[in-house]
Amino acid sequence: MTRNSIIISGVMLLVFGFIYADTFTKEDVIRWQKEFDAAAKYGRQLWENSASFKLGTNNVACAQCHPNATNTHPETYPKFQKQLGRVVSLAEMVNWCIINPLEGKPLKLDSKEMVALLAYIHSERRGVKLAPGKH
Amino acid sequence: MSRDISRRTFLGRSALGAAAALLPVTLVNVVFGQKKGGAAQKAKAAGDKTDFTFAYISDAHIQQISGNKFVRNWDQGLKRAVAEANLLIPRPDFVMFGGDLGQLGKKEELDHGAEIMSACKYKTHYVMGEHDFYLDMGACWEKLFGKQYYSFDHKGVHFIVLNSILTYDSWNKKWPSAMERMVQMAGLDNPLGSPFMVGEAQRKWLAADLAKVDKNVPVILFSHSPIQKIYKGWNFWTEDAEKVQALLKPFKKVTVIYGHVHQIQYNQIGNISFNSVMATAWPWPYPQSYALAKSSLPVLTVPMNRADPFFERDATGWQFIDVNSGKVAANYLLTDNENRTVKYNRKTGRPEDVKYQNKRTAAQEHY
Ligand SMILES: [Fe+2]
Ligand SMILES: [Fe+2]
């Protein structure tokens, strides 16, 4: 390949890349939604059957205290958690619950499980106005 | 002469020493009403025989981890309630246990729960909860505690205990195993669950039982689920609630006391006052906290404070019930939070929170 043709294909890539980056189809949107729904669904399984997924060590499940993920208030995070004395994210509070009531080990913040739990919590709270910082 | 709660002593001073040995240290810091000799004497002189107290412990959810290991948190809740109830002065006439003694109805859980309850110094009556029932349809529970529904009379009040957590036979039979059925019913928000009901056979029994009772005799009915419809999605609900209410309608003074909801609720429907009781295990969110569904918490209810998860026992507790001339005052002993009293107000004809009915606080807002 000549030097010129490399430059040309580079330019072509840029041009087409530009076009493709901003273009998506209905099918794409459906697929992406399905990806989210699958994560939320996995989150629900973790929520209900926390013990079989080994989130904790004492058979306690998230759903025992939080039916339909209520009293998790995802719309209020990040917020100042008075008991911890600092502003924390929802994921940190999820880990707090895993460590304490569930007597388990904290999840990595970017783990598939943590993301799934957050997806489920948010999906049960659709339509609620964002209220970051609200106590 | 009505006995005022503020004049009662909850814990006798002499008992505090013994209590400290049994209980988490924080208990001795809890301030209860002061005993006043004069007030106690006056109440006695008035000689109102229908005034008495009973204690109510509910929703312990004793949960087996494996072998003889049980969830410490729930064990502590029940142990503490029993130890505190034992210190109640004046002594309660009896204790009610409001159902959900176990989590999955296992023999190990019910045995372990019964063992903790055996430390209770008073005669105890039990109500069936769904967590006790759906593994073996109540067989193990019956062996331990007796009949699933019954009535008794005490100091001029007719007491009724119902098993209100029955459901359709077709649902009971659709699961591949008994444990699968239990697990499906144990999930509060499980869409594959089934609505609770008292059922025709029991309603027939209730009608016959009530036929023998004078309409002026106060009736207090205990059930696990609310005999009113609050939120079907979590079974804060009894499918044939109206039919049971109709049977209670001819009576002048009727109170229904229920567990299952793990939170303070109260209501007045016609002649019937409703009071819920707290769980010793964990609190549940108020149903209006679920933004995707509609529910109808009685407007009368001033909710308890939002729970602080960093206090393991917050928004859990037990209660003692004062029965005064046939109507009740439910005194909620909330570990790690301010105690609450919901008392029948003769002037307005409904149960009311004695402190917060007309002035709610920010902490009582649930969203
Ligand atoms: Fe319960
Ligand atoms: Fe229940």
Taking Cα pairs closer than 8 Å and at least 6 residues apart, the relative contact order of chain B in percent is 15
What is the average number of partner chain Cβ atoms found within 10 Å of a Cβ in A:88-100?
1
Averaged over A:68-80, how many beta carbons belonging to a partner chain fall within 10 Å of each residue's beta carbon?
4
Under the rule rounded for a/c under 1.5, else prolate if a/b exceeds b/c, else oblate, using alpha carbon gyration tensor axes a ≥ b ≥ c, segment A:24-123 is classed as oblate
For chain B, give the percent of accessible area contributed by carbon and sulfur heavy atoms, probe 1.4 Å, rounded to a whole number.
55
Taking each residue of B:58-67 in turn, how many C-beta atoms of other protein chains fall within 10 Å of its C-beta, and what is the average?
2
Computed helical MRE - 222 nm, the protein assembly as shown, DSSP H runs ≥ 4 contributing -39500 (n - 2.57), nearest 500:
-9500 deg cm²/dmol
Could you please state how large a percent of the accessible area of segment A:24-123 is carbon and sulfur, counting protein chains only and using a 1.4 Å probe?
59
Given a 1.4 Å probe, show me the residues in segment B:286-307 buried by at least 50 Å² of accessible surface when comparing the whole protein assembly to the chain alone.
B:Tyr290, B:Leu292, B:Arg306
Which entries of A:Lys82/A:Lys134; B:Lys123/B:Lys155; A:Lys54/A:Lys112; B:Lys174/B:Lys204 have Cα-Cα distances beyond 18 Å here?
B:Lys174/B:Lys204
Short version: which residues of segment A:32-67 lose at least 30 Å² of accessible area, all chains versus chain alone, 1.4 Å probe?
A:Arg44, A:Asn58, A:Asn59, A:Val60, A:Gln64, A:Cys65, A:Pro67
Give me the dipole magnitude in Debye, nearest 20, for segment A:48-130 about the Cα centre, with unit charges on the beta carbon: positive for Lys and Arg, negative for Asp and Glu.
220
1.4 Å probe, heavy atoms, protein only - residues of segment B:345-367 losing at least 40 Å² accessible area vs chain alone:
B:Tyr367
Projecting each Cα onto the charge dipole of segment B:107-183 (Lys/Arg +1, Asp/Glu -1 at the beta carbon, about the Cα centre), which of B:Cys120, B:Gly138, B:Val161 comes out farthest on the positive side?
B:Val161
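Starting with the highest mean, order B:272-279, A:81-88, B:305-312 by the number of other Cβ atoms within 10 Å, averaged over the residues of each peptide.
Taking the mean over residues of other Cβ atoms within 10 Å, the ranking is B:272-279, B:305-312, A:81-88.
The values are calculated or read from the model by the stated rules, or taken from the named source; none is laboratory data. Bear in mind the structure is a predicted one, so any value in this text is a computation, not a measurement. Counting neighbours? That spans all protein chains shown, and the Cβs are built from the backbone with ideal geometry, glycine included. For the accessible areas, the whole protein counts, side chains as well, though only heavy atoms, and no ligand, DNA or RNA atoms are used. Shrake-Rupley method; radii C 1.70, N 1.55, O 1.52, S 1.80 Å.
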